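Have a look at the structure below, then the notes.
The values are calculated or read from the model by the stated rules, or taken from the named source; none is laboratory data. Because the structure is predicted, anything quoted here is derived from the model rather than measured. All Cβ positions, even for glycine, are placed from backbone atoms using ideal geometry, and neighbour counts span all protein chains on display.
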Amino acid sequence: MLGDLAAVCAEQTARIKQALLGACGAAGLDGAEAILAASGTDTEFCALHFALCDPERPVVNLVIAPDETGSGVVLAAGGRHFGSRTPAGSAVEAEAALAGLAAERVRVVTVAARDGQGDLRPLNDLGEELARLVDEAVAGGARCLLHLLDSAKTGWRAPDLDTVRRLSVRHGADLDVVVDACQLRAGPKRLRSYLDDGFMVQVTGSKFCTGPAFSARHRDLAPLPAGLADYATRGEWPDGWEHICQGLPERPNLGLLCRWTAALTELRALQAVPEEQVRQILETFAQAVQAAIAERPMLALVPGQAEYGGGAAVGGWDRLATIFPFTVRRADAEAGQAVLSLEQAKTVYQWLNTDLSGLAAGRGLRGRAGARGAALPYRPAGQALREGQLDGRPAALRRRAPGQPGELRCEPGRDAGRAPAAADRRCPPGARQGRAHRRALGRPRRGRRATRLIVTLGAA
(Lines give C-alpha, C1' and ligand atoms only; values in the text may rest on other atoms or scores of the structure.)
Protein backbone atom coordinates (compact mmCIF):
# COMPACT_ATOMS: atom_id res chain seq x y z
CA MET A 1 0.00 0.00 0.00
CA LEU A 2 2.75 2.43 0.97
CA GLY A 3 4.64 1.57 -2.21
CA ASP A 4 1.54 2.34 -4.28
CA LEU A 5 1.12 5.68 -2.50
CA ALA A 6 4.74 6.61 -3.16
CA ALA A 7 4.40 5.72 -6.85
CA VAL A 8 1.19 7.74 -7.24
CA CYS A 9 2.75 10.74 -5.47
CA ALA A 10 5.84 10.56 -7.66
CA GLU A 11 3.71 10.49 -10.81
CA GLN A 12 1.53 13.37 -9.64
CA THR A 13 4.58 15.42 -8.60
CA ALA A 14 6.05 15.03 -12.08
CA ARG A 15 2.75 16.14 -13.63
CA ILE A 16 2.54 19.20 -11.40
CA LYS A 17 6.08 20.29 -12.29
CA GLN A 18 5.34 20.00 -16.01
CA ALA A 19 2.00 21.80 -15.62
CA LEU A 20 3.66 24.53 -13.64
CA LEU A 21 6.31 25.10 -16.30
CA GLY A 22 3.55 25.32 -18.88
CA ALA A 23 1.49 27.76 -16.82
CA CYS A 24 4.56 29.96 -16.37
CA GLY A 25 5.27 30.08 -20.11
CA ALA A 26 8.24 27.71 -19.92
CA ALA A 27 6.81 24.66 -21.70
CA GLY A 28 9.46 23.32 -24.05
CA LEU A 29 12.08 25.80 -22.87
CA ASP A 30 15.39 23.96 -23.08
CA GLY A 31 17.09 23.62 -19.70
CA ALA A 32 14.20 24.98 -17.62
CA GLU A 33 13.31 22.90 -14.58
CA ALA A 34 10.75 23.23 -11.81
CA ILE A 35 11.60 22.62 -8.16
CA LEU A 36 8.77 22.42 -5.64
CA ALA A 37 9.20 23.79 -2.12
CA ALA A 38 7.07 24.32 0.94
CA SER A 39 7.02 28.11 0.64
CA GLY A 40 8.53 31.00 -1.26
CA THR A 41 10.94 31.59 1.61
CA ASP A 42 12.20 27.99 1.32
CA THR A 43 13.19 28.64 -2.29
CA GLU A 44 15.78 31.14 -1.02
CA PHE A 45 17.87 28.13 0.02
CA CYS A 46 17.78 26.86 -3.57
CA ALA A 47 18.86 30.18 -5.08
CA LEU A 48 21.60 30.58 -2.51
CA HIS A 49 22.95 27.08 -3.14
CA PHE A 50 23.22 27.84 -6.86
CA ALA A 51 25.06 31.10 -6.12
CA LEU A 52 27.47 29.25 -3.82
CA CYS A 53 28.52 26.79 -6.54
CA ASP A 54 32.05 28.23 -6.56
CA PRO A 55 33.50 26.88 -3.29
CA GLU A 56 36.28 29.48 -3.15
CA ARG A 57 34.25 32.69 -3.36
CA PRO A 58 31.99 34.57 -0.95
CA VAL A 59 28.49 35.59 -1.99
CA VAL A 60 26.84 38.96 -1.50
CA ASN A 61 23.07 38.49 -1.50
CA LEU A 62 21.16 41.69 -2.33
CA VAL A 63 17.59 41.63 -0.98
CA ILE A 64 15.17 44.45 -1.76
CA ALA A 65 12.70 45.64 0.89
CA PRO A 66 12.48 42.48 3.02
CA ASP A 67 9.83 44.19 5.17
CA GLU A 68 7.53 43.99 2.13
CA THR A 69 8.31 40.42 1.06
CA GLY A 70 8.43 37.72 3.74
CA SER A 71 9.32 37.76 7.42
CA GLY A 72 11.93 34.99 7.08
CA VAL A 73 13.53 36.05 3.79
CA VAL A 74 16.61 37.76 5.26
CA LEU A 75 17.49 34.73 7.39
CA ALA A 76 16.90 32.27 4.53
CA ALA A 77 18.89 34.50 2.15
CA GLY A 78 21.78 34.15 4.59
CA GLY A 79 21.49 30.35 4.68
CA ARG A 80 19.90 30.25 8.12
CA HIS A 81 16.79 28.61 9.56
CA PHE A 82 13.94 31.12 9.65
CA GLY A 83 11.78 29.22 12.15
CA SER A 84 12.03 26.67 14.91
CA ARG A 85 10.45 23.83 12.91
CA THR A 86 11.06 22.76 9.32
CA PRO A 87 8.51 21.44 6.77
CA ALA A 88 9.69 17.92 7.61
CA GLY A 89 8.77 18.51 11.25
CA SER A 90 12.34 18.70 12.53
CA ALA A 91 13.03 21.00 15.47
CA VAL A 92 15.82 23.44 14.66
CA GLU A 93 17.31 26.56 16.18
CA ALA A 94 16.01 29.66 14.46
CA GLU A 95 18.83 31.77 12.94
CA ALA A 96 21.27 28.83 13.07
CA ALA A 97 23.10 28.03 9.83
CA LEU A 98 21.64 25.34 7.58
CA ALA A 99 23.97 22.34 7.72
CA GLY A 100 26.28 22.21 4.72
CA LEU A 101 25.16 25.46 3.08
CA ALA A 102 28.33 27.48 3.88
CA ALA A 103 26.41 30.35 5.46
CA GLU A 104 29.74 31.76 6.67
CA ARG A 105 30.50 32.74 3.04
CA VAL A 106 27.26 34.72 2.66
CA ARG A 107 26.72 38.40 3.38
CA VAL A 108 23.15 39.69 3.06
CA VAL A 109 22.69 43.33 2.09
CA THR A 110 19.19 44.78 2.28
CA VAL A 111 18.14 47.73 0.14
CA ALA A 112 15.25 49.96 1.12
CA ALA A 113 12.59 50.71 -1.48
CA ARG A 114 11.03 53.62 0.43
CA ASP A 115 12.49 56.84 1.74
CA GLY A 116 12.18 58.21 5.27
CA GLN A 117 8.73 59.61 4.51
CA GLY A 118 7.37 56.26 3.35
CA ASP A 119 7.35 57.20 -0.34
CA LEU A 120 8.66 54.83 -3.00
CA ARG A 121 12.11 55.73 -4.24
CA PRO A 122 12.43 56.47 -7.97
CA LEU A 123 13.43 53.39 -9.94
CA ASN A 124 16.53 55.07 -11.35
CA ASP A 125 17.69 55.98 -7.83
CA LEU A 126 17.18 52.42 -6.61
CA GLY A 127 18.87 51.04 -9.74
CA GLU A 128 21.94 53.23 -9.23
CA GLU A 129 22.37 51.99 -5.65
CA LEU A 130 22.02 48.36 -6.71
CA ALA A 131 24.48 48.81 -9.59
CA ARG A 132 27.03 50.30 -7.18
CA LEU A 133 26.57 47.42 -4.71
CA VAL A 134 26.92 44.78 -7.42
CA ASP A 135 30.02 46.46 -8.91
CA GLU A 136 31.64 46.72 -5.47
CA ALA A 137 30.85 43.09 -4.58
CA VAL A 138 32.32 41.71 -7.81
CA ALA A 139 35.34 44.01 -7.64
CA GLY A 140 35.98 42.65 -4.14
CA GLY A 141 36.10 39.07 -5.43
CA ALA A 142 32.56 37.97 -4.51
CA ARG A 143 29.79 36.50 -6.57
CA CYS A 144 26.57 38.44 -6.32
CA LEU A 145 22.98 37.23 -6.04
CA LEU A 146 20.55 39.99 -6.93
CA HIS A 147 16.82 39.87 -6.19
CA LEU A 148 14.35 41.44 -8.61
CA LEU A 149 11.05 41.90 -6.79
CA ASP A 150 7.90 41.27 -8.87
CA SER A 151 5.98 42.26 -6.81
CA ALA A 152 6.08 43.47 -3.20
CA LYS A 153 3.19 43.00 -0.80
CA THR A 154 2.20 46.61 -1.43
CA GLY A 155 2.17 46.18 -5.18
CA TRP A 156 5.34 47.77 -6.59
CA ARG A 157 8.09 46.12 -8.67
CA ALA A 158 11.82 46.89 -8.60
CA PRO A 159 14.46 47.32 -9.86
CA ASP A 160 13.62 48.07 -13.47
CA LEU A 161 14.36 45.21 -15.83
CA ASP A 162 16.69 47.21 -18.10
CA THR A 163 19.02 47.92 -15.16
CA VAL A 164 19.14 44.25 -14.20
CA ARG A 165 19.82 43.18 -17.79
CA ARG A 166 22.70 45.65 -18.11
CA LEU A 167 24.23 44.37 -14.87
CA SER A 168 23.81 40.77 -16.03
CA VAL A 169 25.65 41.51 -19.29
CA ARG A 170 28.37 43.49 -17.49
CA HIS A 171 29.18 40.84 -14.90
CA GLY A 172 28.23 37.59 -16.65
CA ALA A 173 28.82 34.53 -14.45
CA ASP A 174 29.74 36.72 -11.47
CA LEU A 175 26.09 37.75 -11.08
CA ASP A 176 23.07 35.54 -10.49
CA VAL A 177 19.59 37.05 -10.65
CA VAL A 178 16.58 35.57 -8.89
CA VAL A 179 13.14 37.02 -9.57
CA ASP A 180 10.88 37.00 -6.53
CA ALA A 181 7.53 36.58 -8.28
CA CYS A 182 6.00 34.86 -5.27
CA GLN A 183 2.90 37.03 -5.49
CA LEU A 184 2.42 35.54 -9.00
CA ARG A 185 1.01 38.82 -10.27
CA ALA A 186 2.94 38.28 -13.50
CA GLY A 187 1.56 36.64 -16.61
CA PRO A 188 3.29 33.79 -18.48
CA LYS A 189 4.88 36.12 -21.04
CA ARG A 190 6.61 38.13 -18.34
CA LEU A 191 7.75 34.99 -16.50
CA ARG A 192 9.06 33.48 -19.75
CA SER A 193 11.03 36.66 -20.46
CA TYR A 194 12.79 36.31 -17.11
CA LEU A 195 13.74 32.72 -17.92
CA ASP A 196 14.90 33.71 -21.40
CA ASP A 197 17.26 36.18 -19.70
CA GLY A 198 18.72 33.30 -17.70
CA PHE A 199 17.21 34.43 -14.41
CA MET A 200 15.92 32.11 -11.71
CA VAL A 201 12.23 32.61 -10.90
CA GLN A 202 10.38 32.01 -7.65
CA VAL A 203 6.59 31.72 -7.71
CA THR A 204 3.98 30.56 -5.22
CA GLY A 205 0.38 29.52 -5.67
CA SER A 206 -0.84 30.98 -2.40
CA LYS A 207 -1.21 34.68 -3.25
CA PHE A 208 -2.88 35.80 -6.49
CA CYS A 209 -3.64 32.19 -7.48
CA THR A 210 -4.95 31.18 -4.05
CA GLY A 211 -3.18 27.80 -3.94
CA PRO A 212 5.57 27.22 -4.52
CA ALA A 213 7.89 26.48 -7.23
CA PHE A 214 11.24 27.49 -8.46
CA SER A 215 12.64 27.46 -11.97
CA ALA A 216 16.29 27.63 -12.88
CA ARG A 217 18.57 26.85 -15.76
CA HIS A 218 20.56 23.65 -15.23
CA ARG A 219 24.23 24.12 -14.46
CA ASP A 220 27.01 22.07 -12.90
CA LEU A 221 26.15 22.14 -9.20
CA ALA A 222 27.64 20.84 -5.99
CA PRO A 223 25.62 18.27 -3.99
CA LEU A 224 22.80 19.82 -2.01
CA PRO A 225 23.57 20.73 1.61
CA ALA A 226 22.62 18.15 4.20
CA GLY A 227 20.34 20.60 5.98
CA LEU A 228 18.07 20.88 2.95
CA ALA A 229 16.77 17.37 3.72
CA ASP A 230 14.61 19.01 6.41
CA TYR A 231 13.00 21.25 3.77
CA ALA A 232 12.70 19.14 0.60
CA THR A 233 12.22 15.63 -0.76
CA ARG A 234 13.76 13.99 -3.82
CA GLY A 235 10.59 14.08 -5.88
CA GLU A 236 10.37 17.87 -5.62
CA TRP A 237 13.66 18.28 -7.50
CA PRO A 238 14.19 17.58 -11.20
CA ASP A 239 14.65 14.11 -12.61
CA GLY A 240 18.21 13.63 -13.80
CA TRP A 241 19.71 15.65 -10.96
CA GLU A 242 20.63 12.55 -8.95
CA HIS A 243 24.26 13.71 -8.76
CA ILE A 244 23.29 16.55 -6.40
CA CYS A 245 20.18 15.13 -4.70
CA GLN A 246 21.55 12.01 -3.01
CA GLY A 247 20.86 13.38 0.47
CA LEU A 248 17.17 14.15 -0.07
CA PRO A 249 14.62 11.72 1.42
CA GLU A 250 12.29 9.73 -0.84
CA ARG A 251 9.13 10.27 1.21
CA PRO A 252 5.94 11.55 -0.51
CA ASN A 253 4.73 15.05 0.31
CA LEU A 254 0.94 14.91 0.17
CA GLY A 255 0.37 18.39 1.56
CA LEU A 256 2.51 20.03 -1.09
CA LEU A 257 0.79 18.06 -3.86
CA CYS A 258 -2.66 19.10 -2.64
CA ARG A 259 -1.70 22.75 -2.40
CA TRP A 260 -0.22 22.87 -5.89
CA THR A 261 -3.11 20.92 -7.41
CA ALA A 262 -5.51 23.56 -6.04
CA ALA A 263 -3.29 26.45 -7.12
CA LEU A 264 -2.90 25.14 -10.67
CA THR A 265 -6.68 24.73 -10.93
CA GLU A 266 -7.07 28.43 -10.14
CA LEU A 267 -4.24 29.40 -12.49
CA ARG A 268 -5.76 27.46 -15.39
CA ALA A 269 -9.12 29.16 -14.74
CA LEU A 270 -7.45 32.57 -14.92
CA GLN A 271 -5.49 31.75 -18.09
CA ALA A 272 -8.62 30.42 -19.81
CA VAL A 273 -10.07 33.95 -19.83
CA PRO A 274 -9.02 36.35 -22.62
CA GLU A 275 -6.35 38.73 -21.37
CA GLU A 276 -8.28 41.81 -22.38
CA GLN A 277 -11.18 40.76 -20.17
CA VAL A 278 -8.85 40.07 -17.24
CA ARG A 279 -7.44 43.56 -17.69
CA GLN A 280 -10.95 45.03 -17.86
CA ILE A 281 -12.10 43.42 -14.63
CA LEU A 282 -8.92 44.39 -12.80
CA GLU A 283 -9.41 47.99 -13.91
CA THR A 284 -13.00 47.82 -12.64
CA PHE A 285 -11.77 46.38 -9.36
CA ALA A 286 -9.15 49.13 -9.03
CA GLN A 287 -11.70 51.86 -9.62
CA ALA A 288 -14.07 50.38 -7.05
CA VAL A 289 -11.38 50.00 -4.38
CA GLN A 290 -9.99 53.49 -4.88
CA ALA A 291 -13.46 55.02 -4.84
CA ALA A 292 -14.39 53.14 -1.66
CA ILE A 293 -11.24 54.37 0.08
CA ALA A 294 -11.79 57.96 -1.10
CA GLU A 295 -15.33 57.95 0.35
CA ARG A 296 -14.10 57.18 3.86
CA PRO A 297 -12.31 59.98 5.75
CA MET A 298 -10.57 57.51 8.06
CA LEU A 299 -8.79 55.82 5.12
CA ALA A 300 -6.02 57.19 2.91
CA LEU A 301 -4.68 55.49 -0.22
CA VAL A 302 -0.88 55.28 -0.36
CA PRO A 303 0.41 56.32 -3.79
CA GLY A 304 1.67 53.35 -5.76
CA GLN A 305 3.78 52.66 -8.82
CA ALA A 306 2.78 53.47 -12.36
CA GLU A 307 2.46 50.66 -14.90
CA TYR A 308 5.55 48.45 -14.94
CA GLY A 309 6.44 46.89 -18.29
CA GLY A 310 9.37 44.61 -17.48
CA GLY A 311 8.79 41.85 -20.03
CA ALA A 312 4.98 41.94 -19.99
CA ALA A 313 3.05 42.11 -23.22
CA VAL A 314 1.80 45.53 -24.27
CA GLY A 315 -1.67 45.85 -22.78
CA GLY A 316 -1.11 42.83 -20.53
CA TRP A 317 -3.03 42.69 -17.27
CA ASP A 318 0.17 42.26 -15.26
CA ARG A 319 1.19 45.83 -16.09
CA LEU A 320 -1.61 47.02 -13.81
CA ALA A 321 -1.55 47.62 -10.09
CA THR A 322 -3.44 44.83 -8.34
CA ILE A 323 -2.56 45.73 -4.73
CA PHE A 324 -3.83 48.90 -3.08
CA PRO A 325 -2.14 49.83 0.21
CA PHE A 326 -3.80 52.32 2.52
CA THR A 327 -3.55 53.70 6.03
CA VAL A 328 -6.27 53.84 8.68
CA ARG A 329 -6.84 56.82 10.96
CA ARG A 330 -8.81 56.98 14.15
CA ALA A 331 -12.41 57.75 13.25
CA ASP A 332 -12.52 60.83 15.49
CA ALA A 333 -9.12 62.19 14.48
CA GLU A 334 -8.50 65.20 12.30
CA ALA A 335 -7.29 64.48 8.78
CA GLY A 336 -3.64 63.57 8.70
CA GLN A 337 -3.39 62.66 12.37
CA ALA A 338 -3.55 59.54 14.53
CA VAL A 339 -2.68 57.00 11.85
CA LEU A 340 -3.00 53.51 13.34
CA SER A 341 0.20 51.75 14.37
CA LEU A 342 0.97 48.23 13.20
CA GLU A 343 -0.33 46.65 16.40
CA GLN A 344 -3.51 48.72 16.26
CA ALA A 345 -4.02 47.81 12.60
CA LYS A 346 -3.57 44.12 13.43
CA THR A 347 -6.25 44.43 16.12
CA VAL A 348 -8.67 45.94 13.61
CA TYR A 349 -7.89 43.15 11.14
CA GLN A 350 -8.54 40.49 13.78
CA TRP A 351 -11.90 42.02 14.64
CA LEU A 352 -12.85 42.13 10.97
CA ASN A 353 -12.08 38.42 10.73
CA THR A 354 -14.14 37.50 13.79
CA ASP A 355 -17.69 36.18 13.77
CA LEU A 356 -19.58 38.74 15.84
CA SER A 357 -23.01 37.14 15.57
CA GLY A 358 -22.99 36.13 19.23
CA LEU A 359 -22.14 39.64 20.33
CA ALA A 360 -24.82 41.03 18.03
CA ALA A 361 -27.47 38.75 19.46
CA GLY A 362 -26.47 39.51 23.03
CA ARG A 363 -26.77 43.27 22.48
CA GLY A 364 -29.85 43.20 20.32
CA LEU A 365 -28.03 44.43 17.21
CA ARG A 366 -29.47 43.87 13.77
CA GLY A 367 -27.67 42.33 10.82
CA ARG A 368 -27.99 43.31 7.20
CA ALA A 369 -31.27 41.48 6.81
CA GLY A 370 -32.73 43.40 9.77
CA ALA A 371 -33.43 40.31 11.85
CA ARG A 372 -32.63 40.61 15.54
CA GLY A 373 -29.53 38.60 16.36
CA ALA A 374 -28.42 38.18 12.74
CA ALA A 375 -24.70 38.09 12.02
CA LEU A 376 -23.09 41.48 11.61
CA PRO A 377 -22.19 42.19 7.98
CA TYR A 378 -18.66 41.12 7.15
CA ARG A 379 -16.49 43.94 5.80
CA PRO A 380 -13.00 42.87 4.69
CA ALA A 381 -10.58 45.79 4.95
CA GLY A 382 -7.18 44.35 4.22
CA GLN A 383 -4.31 42.67 6.00
CA ALA A 384 -1.97 44.74 8.19
CA LEU A 385 1.35 44.63 6.35
CA ARG A 386 4.15 46.77 7.67
CA GLU A 387 5.05 49.72 9.84
CA GLY A 388 7.11 52.60 8.59
CA GLN A 389 7.06 56.36 8.23
CA LEU A 390 4.46 58.42 6.40
CA ASP A 391 5.03 62.16 6.44
CA GLY A 392 7.55 61.58 9.21
CA ARG A 393 5.15 59.71 11.53
CA PRO A 394 4.93 55.99 12.36
CA ALA A 395 2.19 54.33 10.33
CA ALA A 396 0.97 50.86 9.41
CA LEU A 397 -0.05 49.95 5.88
CA ARG A 398 -3.01 47.75 5.02
CA ARG A 399 -3.94 46.47 1.56
CA ARG A 400 -6.88 45.37 -0.56
CA ALA A 401 -6.19 43.18 -3.55
CA PRO A 402 -7.78 40.54 -5.74
CA GLY A 403 -6.11 37.26 -4.96
CA GLN A 404 -5.90 37.56 -1.18
CA PRO A 405 -8.49 35.49 0.75
CA GLY A 406 -11.71 36.67 -0.84
CA GLU A 407 -9.83 36.26 -4.10
CA LEU A 408 -10.46 37.29 -7.66
CA ARG A 409 -12.31 34.45 -9.36
CA CYS A 410 -12.34 34.54 -13.14
CA GLU A 411 -15.45 32.64 -14.11
CA PRO A 412 -16.14 32.51 -17.88
CA GLY A 413 -19.71 32.74 -19.03
CA ARG A 414 -20.94 35.80 -17.14
CA ASP A 415 -21.24 39.44 -18.17
CA ALA A 416 -17.83 41.10 -18.40
CA GLY A 417 -17.20 43.63 -15.68
CA ARG A 418 -20.55 43.10 -13.94
CA ALA A 419 -20.42 44.03 -10.27
CA PRO A 420 -21.01 40.93 -8.14
CA ALA A 421 -24.43 40.63 -6.55
CA ALA A 422 -24.75 39.59 -2.93
CA ALA A 423 -25.22 35.94 -3.90
CA ASP A 424 -22.03 36.07 -6.01
CA ARG A 425 -20.01 36.76 -2.89
CA ARG A 426 -20.61 33.19 -1.87
CA CYS A 427 -18.75 30.27 -3.35
CA PRO A 428 -20.85 28.92 -6.27
CA PRO A 429 -21.21 25.22 -7.08
CA GLY A 430 -18.22 23.96 -9.04
CA ALA A 431 -15.96 26.79 -7.94
CA ARG A 432 -14.79 25.47 -4.58
CA GLN A 433 -11.09 25.04 -5.18
CA GLY A 434 -8.13 26.21 -3.14
CA ARG A 435 -8.50 28.10 0.08
CA ALA A 436 -12.10 29.10 -0.55
CA HIS A 437 -13.18 25.48 -0.09
CA ARG A 438 -12.04 25.58 3.52
CA ARG A 439 -14.87 27.79 4.66
CA ALA A 440 -16.74 29.58 1.91
CA LEU A 441 -19.55 30.52 4.29
CA GLY A 442 -20.03 30.88 8.01
CA ARG A 443 -17.45 31.40 10.71
CA PRO A 444 -14.02 32.38 9.37
CA ARG A 445 -11.09 30.13 10.17
CA ARG A 446 -8.19 31.90 11.89
CA GLY A 447 -7.70 34.94 9.74
CA ARG A 448 -9.49 33.65 6.61
CA ARG A 449 -12.33 35.68 5.19
CA ALA A 450 -15.82 34.38 5.70
CA THR A 451 -16.84 35.21 2.14
CA ARG A 452 -15.10 35.41 -1.20
CA LEU A 453 -15.42 37.99 -3.93
CA ILE A 454 -16.55 36.41 -7.19
CA VAL A 455 -15.58 38.60 -10.14
CA THR A 456 -17.33 37.40 -13.28
CA LEU A 457 -16.06 37.68 -16.82
CA GLY A 458 -17.53 37.25 -20.27
CA ALA A 459 -17.40 34.03 -22.30
CA ALA A 460 -13.90 32.83 -23.01
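For Ala222, indicate whether it is in a loop (DSSP other than H, G, I, E, B), of a type outside the set (D, E, K, R), under 11 Å from the mean Cα position of the chain (by Cα) and at pLDDT below 90. When the stated conditions are applied, Ala222 does not pass them. Residues considered: Thr284, Thr233. Of these, the only one that is of a type in the set (Ser, Thr, Tyr), at pLDDT 90 or above and not assigned by TED's automatic domain parsing to the domain that holds Ser168 is Thr284.
Of the residues Glu236, Glu266, the single one that is buried (at least 18 other Cβ atoms within 10 Å of the Cβ) and under 30 Å from Ala96 (Cβ atoms) is Glu236. Restricting attention to segment 68-82, the residues that are part of a loop (DSSP other than H, G, I, E, B) and surrounded by 15 or more Cβ atoms within 10 Å (Cβ to Cβ) add up to 7.
Report yes if some residue within segment 87-101 is surrounded by 17 or more Cβ atoms within 10 Å (Cβ to Cβ), within 22 Å of the chain's Cα centre (by Cα) and either at pLDDT 95 or above or not acidic (Asp, Glu) (or both); otherwise report no. Yes: segment 87-101 contains one or more residues that are surrounded by 17 or more Cβ atoms within 10 Å (Cβ to Cβ), within 22 Å of the chain's Cα centre (by Cα) and either at pLDDT 95 or above or not acidic (Asp, Glu) (or both). A search for C-beta distances below 7 Å between a residue of segment 275-296 that is of a type in the set (S, T, N, Q) and any residue that is surrounded by 14 or more Cβ atoms within 10 Å (Cβ to Cβ) and modelled with pLDDT of 90 or more, counting only pairs 6+ apart in sequence or on different chains, returns nothing.
The set of residues in segment 287-311 that are at pLDDT below 85 and either part of a strand (DSSP E or B) or over 24 Å from Val339 (Cα atoms) (or both) comprises Ala306, Glu307, Tyr308, Gly309, Gly310, Gly311. A single entry from Gly172, Gly141, Gly205, Gly187 fulfils the requirement of being surrounded by fewer than 24 Cβ atoms within 10 Å (Cβ to Cβ) and modelled with pLDDT under 90: Gly187.
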